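Bear in mind that the values in this text are calculations on the coordinates, not laboratory data. Small disclaimer: the values here were computed from a predicted structure and weren't measured. Backbone-built Cβ (ideal geometry, glycine too); neighbour counts: all protein chains shown.
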Amino acid sequence: MTSLLKTGAAALLVGVLFARCHAPAANEPDLRLRIGDEIQAYAWDTGWLKMPAAMPLGNTHGGIAVGADGLIYFSTDSKHAVVVCKPDGSVVNHWGEPLAGGVHSICLNEENGAEFLYMAHHSTGMVYKYTTSGQKVWEIGYPVESELYPDPKRYHPTAVAIRPDGCFYVADGYGLNWIHLYNAAAEYQMSFGGPGKEAGKFTTPHGLLWDEYNGQSRLVVADRGNGRLQFFNADGTFDRLIDGHFRRPCSVQRHGDQLLVSDLAGRVTVVDEKADHVLQLGDQPDPGLRAQNGVPAAKWADGEFLSPHFAAWDADGNIYVQDWNFLGRITRLERLP
């Protein structure tokens with residue numbers, strides 16, 4: 001039976017701010033700004049990312065993925081479309097000049113002992129598969145077989161989610177609000193969703209997650225325009241939803257029994273499976289700075305996000321957040337004991 005998790009069924013715990021400083025040196029007290037609550041706290045790691053002086057970050061409007069080796073991959077709209085860094089923030093590689101201007105999401109997948117990046121490019125209307133070092137494996141365009149696109153220019157994919165069997169889903173989040181299923185050979189299979197506000201329909205299906213948890217396998221959709229997460233079975237049939245805790249959810253990722261949701265309207269949300277514990281992190285107090293790309297650095301503040309477009313966990317539960325910003329902003333939240 002479908003279950004709808006509403007605001008009244010959960011206790012909302014809003015992030016609390018404590019102290020401020022940069023990452024501590026050895027043998028120094030940790031005075032960094034802390035956000036979270038008495039159950040789950042993080043240190044706001046100012047200055048974590050160390051981009052080379054000759055390589056400004058540029059507009060961030062994409063995704064983040066963390067490899068099995070701990071390396072962090074994130075996209076920008078610059079000629080360094082994919083940047084690779086260590087957990088300490090030092091950059092070890094960058095590539096993707098032909099992809100500049102529209103890598104909107106990154107999904108990392110392990111296949112026969114190697115990892116590959118699946119990337120939705122909203123500007124070209126393509127989905128790409130690349131090696132982690134920057135070699136293109138294949139690309140696919142709009143799903144002709146779906147017969148949903150008399151005008152291919154209406155197709156603007158925003159996210160990819162991959163199943164263990166190699167089949168994958170593509171969200172047309174900036175186009176016609178459909179989700180398309182492909183097999184492991186990148187051959188079109190079927191579509192579901194379409195525009196609407198009722199369960200099973202979408203208004204900007206912006207982010208995707210293939211979620212395997214507690215014996216269940218589901219596709220989770222960040223249905224941004226409808227302010228909710230929707231859960232679907234593998235065949236695209238609707239299962240359930242979580243709403244009441246999000247403004248404009250952009251992405252969703254799992255770590256243990258918690259889901260991490262970036263919210264374009266100025267915060268990051270951590271919610272458990274039944275929405276019994278909901279933690280709002282870095283809530284932007286000025287509505288005029290939420291979901292705005294052109295906020296200058298002078299108006300940035302530690303402990304306050306602007307327009308979180310993607311958020312990802314690492315294996316230790318630290319969080320990496322990419323704000324949608326013309327200068328580029330990526331923040332690390334270090335999980336505290």
(request) For the range 286-300, just list the computed ³J(HN,Hα) in residue order, Karplus coefficients 6.51, -1.76 and 1.60, θ = phi - 60°, integers in Hz, with x standing in for Gly and Pro. (result) 9, x, x, 9, 7, 6, 10, 7, x, 6, x, 4, 4, 9, 7
(request) Quick one: go through the range 229-247 and flag any residue whose amide nitrogen is under 14 Å from the point 7 Å out along the Cα-to-Cβ line of Glu212. (result) 234
(message) Rounded to whole Å, give me the distance from the Cα center of the range 146-205 to that of the range 321-337.
(response) 28 Å
(request) Provide the per-residue ³J(HN,Hα) series for the range 190-198, in order, calculated from phi with Karplus coefficients 6.51, -1.76, 1.60 and θ = phi - 60°, each as a whole number of Hz, with x at glycine and proline positions. (result) 6, 9, 8, x, x, x, x, 9, 6
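On a full-extension model of 0.36 nm per residue, what is the gain between Ala199 and Ala68, subtracting their alpha-carbon distance, rounded to one decimal in nm?
Details: separation 131, 0.36 × 131 = 47.16 nm, distance 3.49 nm.
Working it through step by step, the gained length comes to 43.7 nm.
Report the extension gain between Gln135 and Glu187 in nm, rounded to one decimal, defined as 0.36 nm multiplied by the number of residues separating them, less their alpha carbon distance.
Values: separation 52, 0.36 × 52 = 18.72 nm, distance 2.09 nm.
In short, 16.6 nm is gained.
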(request) Enumerate the calculated ³J(HN,Hα) couplings along the range 162-178 in order (Karplus 6.51 cos²θ - 1.76 cosθ + 1.60, θ = phi - 60°), each rounded to whole Hz, writing x wherever the residue is Gly or Pro. (result) 10, 8, x, 7, x, 5, 9, 10, 10, 9, 8, x, 9, x, 9, 6, 9
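Can you tell me the dipole magnitude for the chain around its Cα centre, using point charges on the Cβ only (Lys, Arg +1; Asp, Glu -1), in Debye to the nearest 20? Walk me through the numbers before you get to the answer.
Details: 28 positive and 39 negative charges, 174 e Å.
My answer is approximately 840 debye.
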(request) Considering the options Gly102, Gln135, Tyr73, tell which one lies farthest towards the positive end of the dipole of the range 52-329, charges being +1 on Lys and Arg and -1 on Asp and Glu at the Cβ, about the Cα centre. (result) Gly102
(request) Could you list which residues have their amide H under 5 Å from that of Val295, counting only those 5 or more apart in sequence or on another chain, with H placed in the peptide plane? (result) Phe326
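What's the ranking of 284-293, 119-128, 62-71, 243-252 by average number of surrounding C-beta atoms within 10 Å, highest first? Don't skip to the end; give the middle numbers.
Details: 284-293: 15.9, 119-128: 21.4, 62-71: 18.8, 243-252: 23.2.
Per-residue Cβ counts within 10 Å, averaged per peptide and sorted highest first, yield 243-252, 119-128, 62-71, 284-293.
Could you calculate the FRET efficiency of Asp272 with Ala315 from 1/(1 + (r/R0)^6), where r is the beta carbon distance between them and R0 is 22 Å, rounded to 0.05? If you can, show how the numbers build up before the last one.
On the way: r = 19 Å, r/R0 = 0.86.
The calculated FRET efficiency here is 0.70.
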(request) Could you let me know the centre-to-centre spacing of the range 88-105 and the range 213-285, using Cα atoms, in angstrom? (result) 26 Å
(message) Along the Cα→Cβ direction, 7 angstrom out, place labels at Ala301 and Glu97. What is the inter-label distance in nm?
(response) 4.1 nm
(message) Run the reach check for Lys79 against lysines, Cα to Cα strictly under 17 Å, same-chain hits fewer than 8 apart removed. What comes back?
(response) Lys136
(message) Along the Cα→Cβ direction, 7 angstrom out, place labels at Lys153 and Glu38. What is the inter-label distance in nm?
(response) 5.8 nm
